[in-house]
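The values are calculated or read from the model by the stated rules, or taken from the named source; none is laboratory data. It should be emphasised that the depicted structure is a prediction, and the values quoted were computed from it without experimental measurement. Cβ atoms come from the backbone with ideal geometry, glycine included; neighbour counts cover every protein chain shown. For accessibility, only protein heavy atoms count, side chains too; no ligands or nucleic acids. Shrake-Rupley method; radii C 1.70, N 1.55, O 1.52, S 1.80 Å.
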Amino acid sequence: MSINSIKKEYIKQNQDLFGKEIYLESLKAVSSKKKVKISESWYNVLENIFEGKSWLNLSNTIRKLYKKKTIYPSPNNIFNAYDLTPFDDVRVVIIGQDPYHGESQAHGLSFSVENNNIPPSLKNIFKELEQDLGINNFNSGNLTSWAEQGVLLINSVLTVEKNKANSHQGLGWEDFTQSVISKLSENKKDIVYLLWGKHAQSYKEFIDCDNNLVLTAPHPSPLSAHNGFFGCKHFSKTNDFLQKNGKKPIIWKL
């Protein structure tokens, strides 16, 4: 591959990652108001975050890592959860830790995979769903249909290096996710937050528990699912709460 081809591919990757204008040129050259390639509804809510120094540092770091290493998910899928579930449509929030680090797995939705090779934690999620509501989802690991119904499937860390779990922890994504949860809690109520595992539960302090439903359980990992995730009935409890508050239940069947 020629140097020009590599340069073009790098520029395209940056455009997918942060939008055409963001940080590819000096800020003086920015002509468009929107600086990050994320859905309009979320951009409007998080604009002050994207204008801050912390985001500038994070975006610069992530851009360099995409240039040097194999990073998942693909740049155009980093904000997939936010694009599929607009801010105004959020009814349920499920928080994962970081993306799957294997090839053809991560696509920007927590616990979800693009292919049908279902990871162990997702298998346990499906086992609990089957025990709770009698729904069999074992033929697909793609949770896009959940996201399109208002289930915000986010990871606290949005990127990861190939074959290196947790490799992007501490780069700044956690602060971004904290801001997301805080904005939701400040501006919306009657949301169901499913916090599975201690990592997800660390975000509970940013949620208004009086005006939302917060359900906690151990992580669905094979190491902890038998300690209380199985039998938690979070899927039926979620739909019961939504219907009680005049909202449509989630169709959990894929």
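Sorted on the mean count of surrounding Cβ atoms within 10 Å across their residues, most packed first, peptides 154-162, 61-69 read 154-162, 61-69.
T85: net charge of surrounding residues, Cβ under 11 Å, Lys/Arg +1, Asp/Glu -1, itself excluded?
Working: positive: R91; negative: D83, D88, D89, E148.
It works out to a net charge of -3.
Looking at the chain, the accessible area is 48 square angstrom per residue; that uses a 1.4 Å probe and ignores ligands, DNA and RNA.
So for the chain, averaging the separation of alpha carbon pairs under 8 Å that are six or more residues apart and normalising by length, what relative contact order in percent results?
Worked out over the chain, it gives 19 percent.
Taking the 1.4 Å solvent-accessible surface of the chain as the whole, the part contributed by carbon and sulfur is 47%. Would you please give the FRET efficiency between D210 and E130, computed as 1/(1 + (r/R0)^6) with r the Cβ-Cβ distance and R0 = 30 Å, to the nearest 0.05? For D210 and E130, the calculated efficiency is 0.40. The structure shown yields Kirkwood radius over Cα pairs in Å, and of the options [x] 18.9; [y] 20.9; [z] 18.5 that calculated value carries the label [x]. Remark: spin-label model distance S74-N115 equals 1.5 nm, labels positioned 7 Å along the Cα→Cβ axis. Helical content alone sets the calculated 222 nm signal of the chain at -11500 deg cm²/dmol, taking -39,500 (n - 2.57) per DSSP H segment of four or more residues and averaging over every residue. Extension gain for the segment N60 to K188, taken as residue separation times 0.36 nm less the Cα-Cα distance, is 43.0 nm to one decimal.
Report, for the chain, the % of DSSP beta bridges that are antiparallel, rounded to 5. Of the beta bridges lying entirely in the chain, close to 20 percent run antiparallel. Largest GNM mean-square fluctuation across L153, L133, L195, computed for the chain with C-alpha springs under 10 Å, falls on L133.
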